[in-house]
Amino acid sequence: MTSTGEELDNLLYNIAWLRRTEGLSKREMAKRLGVGRKTLDLMERGEVPPRLSASVIFAVEKRFGVGRSALLSRRLGERI
């Protein structure tokens, strides 16, 4: 079981990993997630933006087909 802090760290890591893996620019990724580029910059640095909402998780699920459980419980692309 992961802690809330660990889940948040995984989420932020996975957002950056998905952007790089998909070959998206920061502008493209921010648009897909419904956030500003500065917010995406914070997330990619592992910092929690002031108004991070669950809508980001829903956008990742919808646009990248990654389930909430996988997104929060582990770092994508790493071997288990």
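The values are calculated or read from the model by the stated rules, or taken from the named source; none is laboratory data. Just so you know, these numbers come straight off a predicted model, no measurement behind them. Counting neighbours? That spans all protein chains shown, and the Cβs are built from the backbone with ideal geometry, glycine included.
Considering only region 24-50, state which residues are basic (Lys, Arg), surrounded by fewer than 13 Cβ atoms within 10 Å (Cβ to Cβ) and closer than 20 Å to residue 10 by Cβ. The answer is 45, and nothing else. Number of residues in region 35-46 that are closer than 20 Å to residue 6 by Cβ and free of Cβ contacts under 8 Å to residues at least 12 places away in the same chain equals 2. Candidates are the residues of region 17-51 that are of a type in the set (Val, Ile, Thr) and over 17 Å from residue 66 (Cβ atoms); the one that is modelled with the highest pLDDT is 39.
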